[in-house]
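The structure appears below as structure tokens.
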């Protein structure tokens, strides 16, 4: 009787271990991942990113989950201020706004997965507003990973 109980416990433990191990790869999958190329230096919240090729990955669509952006100078974590789910039929792009000669990331639109991530951008300087120039915008194409 004791041998059967030990055997039953062993089988249950092995089954539990198998379930836990198989759940680890599923948890490590990204919600979104891809690449983009910057033609010039930009500012993404508190970080300057030089021109070059970049990879990014986003584990989840939660506001508390940072996006990991990896480029020529290593990796940085970027937290979106607003995340929305929206299928808009457009291409996936990184939207840049020019403020006082510097380009800032204002939005990352990941159309393939239906996510729009918005980032804080400083207000336009008074001299730009007085001249009614409005901020110039630029879009960088984002290639989504499959």
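Every read-out reported here was derived from the displayed coordinates using simple, explicitly stated rules and does not represent laboratory data. None of the values given here were measured: they were computed from a predicted structure. Every residue, glycine among them, receives a Cβ derived from its backbone with ideal geometry; neighbour counts consider all protein chains shown.
Our Cα-only numbers for segment 31-144 put the radius of gyration and Dmax at 14.0, 42 Å. Neighbour counts of C-beta atoms inside 10 Å place 123, 55 in the sequence 123, 55, starting with the fewest. Here 83, 141, 64 are placed in order of increasing Cβ neighbour count within 10 Å, fewest first, which gives 64, 141, 83. Relative contact order for segment 31-144: 26 percent, from Cα pairs under 8 Å spaced at least 6 residues apart, divided by residue count.
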